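Chemist: My questions will all concern the structure given below.
The values are calculated or read from the model by the stated rules, or taken from the named source; none is laboratory data. Note that this is a predicted model, so its numbers are computed, not measured. Cβ atoms come from the backbone with ideal geometry, glycine included; neighbour counts cover every protein chain shown. The protein model used for the area step is the full one, side chains on, heavy atoms only, and it has no ligands, DNA or RNA in it. Shrake-Rupley method; radii C 1.70, N 1.55, O 1.52, S 1.80 Å.
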Amino acid sequence: LLGSLLMKTDLFELYLNQDFSSQDDVYHFLAEKLAEENHLMVSEIVTKFIKREKLGNIQIYDRTIMPHFNEQGVPNKIIILRTNRVISKWSEQLKNVQLIIALIIDSDASPQEKEYFQAFIKKLMSSDFMETLLKGTKSQIEGLIK
């Protein structure tokens, strides 16, 4: 299932060793990538991430956050972004961020797509999986998510 879904959609994007120093840098980078293929503008995407973050803690692991939002009619996406150095102050609540796993979910996603997201989120509960995302090479990470 995971393989066939990946073939049909460009679900995953992986960016390692990125030179970001703030929440603003990261959200603008993500928003520019996402705006290329959907109806939302960069500013709207940034606002959605920030609004969601204000609703509750997005930290899911050491140095790891999962910003996300649901929106009708957007392409499903999982963007994994690793910075080349820790962002010491992400926000008032979050410090020391190095791995950003952004999920953008179409609120009209099919049951198979929803199942795929659930399977991926379950993987995030494995410390081995998370450590590979934090420290692994591009090919090691691609091997895990394909």
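Chemist: Using a probe of 1.4 angstrom, how much of the accessible area of region 17-78 is carbon and sulfur, in percent?
Modeler: Values: 1490 of 3240 Å².
Heavy-atom surface of region 17-78 belonging to carbon and sulfur, 1.4 Å probe: 46 percent.
Chemist: Normalising by the residue count of region 44-126, find the relative contact order in percent from Cα pairs under 8 Å and 6+ residues apart.
Modeler: Values: 112 pairs, mean separation 24.6, N = 83.
RCO, region 44-126: 30 percent.
Chemist: When the chain is fully extended, how far beyond the present Cα-Cα distance does His28 get from Asp62, taking 0.36 nm per residue of separation?
Modeler: 9.9 nm
Chemist: How many nm is it between the label spots at Gln118 and Ser88, if each spot is 7 Å from the Cα in line with the beta carbon?
Modeler: 4.3
Chemist: Another question, if that's okay. Relative to the present Cα-Cα distance, how much length would full extension add between Leu134 and Phe12 at 0.36 nm per residue of separation?
Modeler: 42.3 nm
Chemist: Now for a different question. Give the shape of region 6-74 as rounded, prolate or oblate, defined through the alpha-carbon gyration tensor: a ≥ b ≥ c are the square roots of its eigenvalues, a/c under 1.5 means rounded, and otherwise the shape is prolate if a/b is larger than b/c and oblate if not. Display every interim value, and only then the final one.
Modeler: On the way: a/c = 1.39, a/b = 1.19, b/c = 1.17.
Rounded.
Chemist: Which residues' amide hydrogens lie under 5 Å from the amide hydrogen of Tyr15, considering only partners 5 or more residues apart or on another chain, with H built in the peptide plane?
Modeler: Ile80, Leu81, Arg82
Chemist: Which whole-number percent gives the relative contact order of the chain, counting Cα pairs below 8 Å spaced six or more residues apart?
Modeler: About 25 percent, as a whole number.
Chemist: So what's the gap between the Cα centers of region 6-45 and region 107-135, to the nearest angstrom?
Modeler: 18
Chemist: Show the residues, 5+ positions off or on another chain, whose built amide H is closer than 5 Å to the amide H of Lys89.
Modeler: Distant-sequence amide H within range of Lys89: Asn96.
Chemist: Taking the Cα centre of the chain as origin, work out the dipole magnitude from +1 charges on Lys and Arg Cβ and -1 charges on Asp and Glu Cβ, in debye rounded to 20. Intermediate values should be presented prior to the final figure.
Modeler: Details: 18 positive and 20 negative charges, 95 e Å.
Dipole about the Cα centre, nearest 20: 460 debye.
Chemist: Go through region 52-59 residue by residue and turn each phi into a ³J(HN,Hα) via Karplus (6.51, -1.76, 1.60, θ = phi - 60°); whole Hz please, and just put x for glycine and proline.
Modeler: So the J values, rounded to whole Hz, are 5, 4, 5, 6, x, 4, 9, 6.
Chemist: Can you give the accessible area per residue of the chain, in Å², using a 1.4 Å probe? Spell out each step's value before the answer.
Modeler: On the way: 7690 Å² over 146 residues.
Heavy-atom accessible area per residue stands at 53 Å².
Chemist: I need the calculated FRET efficiency for the pair Ser126 and Val42, taking r as the beta carbon distance and R₀ as 35 Å, to the nearest 0.05.
Modeler: Calculated transfer efficiency: 0.55.
Chemist: Shape call for region 98-146 from the C-alpha gyration tensor, a ≥ b ≥ c root eigenvalues: rounded (a/c under 1.5), prolate (a/b greater than b/c) or oblate?
Modeler: Prolate.
Chemist: A further question on this structure: Quick check on region 61-118: what are the equivalent-ellipsoid semi-axes from the Cα gyration tensor, as sqrt(5λ), descending, whole Å? Please report the intermediate quantities before stating the final value.
Modeler: Numbers: eigenvalues 144, 24, 16 Å².
Semi-axes, largest first: 27, 11, 9 Å.
Chemist: Same structure, new question: With Rg and Dmax of the Cα atoms in Å defined as stated, name the option among (i) 14.4, 41; (ii) 16.2, 60; (iii) 17.6, 54 computed from the structure displayed.
Modeler: After the calculation, the listed value that fits is (i).
Chemist: Okay, moving on. What value, in deg cm²/dmol to 500, does the helix sum -39500 (n - 2.57) over DSSP H runs of n ≥ 4 give at 222 nm once divided by the residues of the chain?
Modeler: On the way: 6 runs with 64 residues, N = 146.
Calculated from helices alone, the mean residue ellipticity at 222 nm is -13000 deg cm²/dmol.
Chemist: A further question on this structure: Per-residue HN-Hα couplings for region 64-69, Karplus 6.51 cos²θ - 1.76 cosθ + 1.60 at θ = phi - 60°, whole Hz, x for Gly and Pro?
Modeler: Whole-Hz 3J(HN,Hα) from phi for region 64-69: 10, 10, 10, x, 6, 7.
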